[in-house]
Amino acid sequence: MMDKLGVAVIGTGFWGRNHARVFKELPMTELVAVCDIDYERANTVARQFGVKAYTSPGKMLRRKDIEAVSICTWSTSLAKEALRALKAGKHVLVEKPMAANSKCAEALLKCSESNGLLLTVGFLMRFIPGIQYIKEAFMEKRFGEIVCATAKRVSQWPERIGDVGVVKDLAIHDIDMMRYLFNENPVAVYAKAGSLRHSKFEDYAHIMLTFDGNKNAFIEANWLTPYKTRTLVITSSEAIIKLDYITQELSIERAKESVQPRIPWQEPLKLELEHFVNCVLGKAKPLITGWDGLMAIKIAEAALKSSKTGKLIKIRD
Ligand SMILES: NC(=O)c1ccc[n+]([C@@H]2O[C@H](COP(=O)([O-])OP(=O)(O)OC[C@H]3O[C@@H](n4cnc5c(N)ncnc54)[C@H](O)[C@@H]3O)[C@@H](O)[C@H]2O)c1
């Protein structure tokens, strides 16, 4: 029998439960334990998957049979728990936004590098099969050059999120995606964000990223729209490419034809965790690094600064 990688999940709320399920389903992982500061939550998920429940991450991380962990706690405690796991010698997949601020994200990156441990960030959108199709097509120059990309990520206020605003919670997916598609960091950011219903954080944001050579990306994110939309439209020198992240439908429109490539639907979380495990086992190179996570946070912070000051904020690597 092949040796399985021992894994655990910290934070078993809405999203952590899915990590635990996928780890249980993957043939190359052995879900060993789960942890949540809320005993009921930890226990429910542990019982569902027949593993041990912990309420203390430190205690769980002392186990030698855990080699890698997913961190799925509240956004403001992700960095603290990821750092704890790295210091305990575990490979880490930390959920987005990786940390509440860039200072904490930098500390994570440093710790993973000095300990020679894998650190990756849960930018799930990169694992949508249509995105991989688009990325490959651009690399092979089948769509020409990207001129502009527009992302829309809007829905209702999610009751369970309340520790970061819509930029670090939702728009960060698209910030990462634009870096990935344009294959570089933006030169500058201009944004306007505001709060209509929620007092503590912004609940809507419009972000413009400018890239070298007059190429631009626009991101609209809010928690004010009664229905959920997650879309990407890319204008390239040869085609208009449209992706619906929810249905995974892709369409490519050219001057003389329009095609919808048939790409079978796949669960992005399964692809993401499978890839994480393959990276830990040395079978793959990480698609998303701690550096990608840090840059996305820096750009999100620049967007918030731009909105506050009314100025264009330059991005430094
Ligand atoms: N990549 C994606 O597409 C995606 C989707 C959903 C959520 N997320 C991210 O996953 C994280 C969790 O989101 P959620 O919707 O599951 O939230 P949630 O509130 O449902 O769950 C968070 C859980 O973490 C627990 N927790 C908090 N601090 C902890 C700590 N220090 N140690 C152990 N447990 C702790 C809470 O008790 C709670 O059960 C967030 O950072 C969110 O941004 C990512």
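Since every read-out is calculated from the coordinates, none of them should be taken as a lab result. Quick caveat, the model's predicted, so the values are computed rather than measured. Heads up, the Cβs are rebuilt from the backbone with ideal geometry, glycines too, and the neighbour counts pull from every protein chain shown.
Using 20 Å as the cut-off for backbone N distance, which residues of the range 119-148 belong to the label zone defined by a point 7 Å from the Cα of Val187 along Cα→Cβ? Output list for this probe position: 145-148. Karplus-derived 3J(HN,Hα) values for the range 42-47, using 6.51 cos²θ - 1.76 cosθ + 1.60 with θ = phi - 60°, are 4, 5, 4, 5, 4, 5 Hz; glycine and proline are entered as x.
Sorted ascending by nearby beta carbons within 10 Å, beginning with the fewest, Val187, Val166 become Val187, Val166.
Put a plus charge on the Cβ of each Lys and Arg, a minus charge on the Cβ of each Asp and Glu, and nothing anywhere else: the dipole of the chain about its Cα centre is then about 580 debye. Rounded to the nearest 500, the helix-only mean residue ellipticity at 222 nm of the chain stands at -10500 deg cm²/dmol, with each DSSP H run of n ≥ 4 adding -39,500 (n - 2.57).
Over every Cα atom in the chain, the radius of gyration and the widest Cα-Cα span, Dmax, amount to 19.6, 62 Å. Counting every other Cβ atom within 10 Å of each residue's Cβ, Ile246, Ile299 order from fewest to most as Ile246, Ile299.
Helix 290-309 and the longest principal axis of the Cα set of the chain meet at an angle near 50°.
The distance between label points at Ile240 and Phe218 comes to 1.3 nm (points 7 Å beyond Cα on the Cα→Cβ vector).
Test of understanding: express the Cα radius of gyration of the range 133-283 as a ratio to 2.2 N^0.38 Å, with N the residue count.
Scaled against compact globular proteins, the figure is 1.14.
The HN-Hα couplings worked out from phi for the range 17-24 by the Karplus form 6.51 cos²θ - 1.76 cosθ + 1.60 (θ = phi - 60°) are 4, 5, 4, 4, 4, 5, 4, 5 Hz, whole numbers, x standing for Gly and Pro. Rg over Rh for the range 64-117 works out to 0.94, both radii taken from alpha-carbon positions and Rh defined as the Kirkwood radius.
So which of Lys80/Lys110; Lys103/Lys135; Lys64/Lys298; Lys242/Lys305; Lys228/Lys308 end up more than 25 Å apart, counting from Cα to Cα?
Lys103/Lys135; Lys64/Lys298; Lys242/Lys305; Lys228/Lys308
Loop-located trypsin sites (Lys or Arg not before Pro) across the range 144-186 with a Cβ neighbour count of 16 or fewer within 10 Å are Arg160, with loop assigned by DSSP. For the chain, the longest principal axis of the Cα atoms and the long axis of helix 129-139 meet at an angle of about 50 degrees. When restricted to Cα atoms, the range 278-317 yields an Rg and a Dmax of 15.1, 47 Å, respectively.
Above 16 angstrom, tally the Cα pairs of the range 119-166 and express them as a % of all pairs, no decimals.
Value for the range 119-166: 64 percent of Cα pairs lie more than 16 Å apart.
Assuming a viscosity of 0.890 mPa s and a temperature of 25 °C, what translational diffusion coefficient in µm² per second does Stokes-Einstein assign to the range 198-298, Rh being the Kirkwood radius over Cα pairs? D = 142 µm²/s. Checking every one of the chymotrypsin sites (Phe, Trp or Tyr not before Pro) in the range 240-317 against DSSP loop status and a limit of 15 other Cβ atoms within 10 Å picks out Trp265. DSSP bridge analysis restricted to the range 82-209 gives an antiparallel fraction near 60%, rounded to the nearest 5. Calculated translational diffusion coefficient of the range 48-90 (37 °C, 0.692 mPa s; Stokes-Einstein with Kirkwood radius over alpha-carbon pairs) equals 296 µm²/s.
What the phi angles of the range 111-120 give under the Karplus curve with 6.51, -1.76 and 1.60, with θ = phi - 60°, is a coupling list of 5, 5, 5, 6, 9, x, 10, 6, 10, 9 Hz, glycine and proline written as x. No solvent, one uniform scatterer per C-alpha: report log10 I(q)/I(0) for the range 239-281 via the Debye equation at q = 0.19, 0.25 1/Å, two decimals. The computed values of log10 I(q)/I(0) come out as -0.68, -0.84. Listed from fewest to most Cβ neighbours within 10 Å, the set Ser251, Ser306 follows the order Ser251, Ser306.
Among beta bridges from DSSP that stay inside the chain, the antiparallel ones total about 55%. Across the chain, the longest piece that holds none of the GluC sites (Glu not before Pro) lying in DSSP loops with up to 10 other C-beta atoms within 10 Å covers 1-139. Computed over Cα pairs, the Kirkwood radius of the range 28-121 leads via Stokes-Einstein (0.692 mPa s, 37 °C) to a diffusion coefficient of 244 µm² per second.
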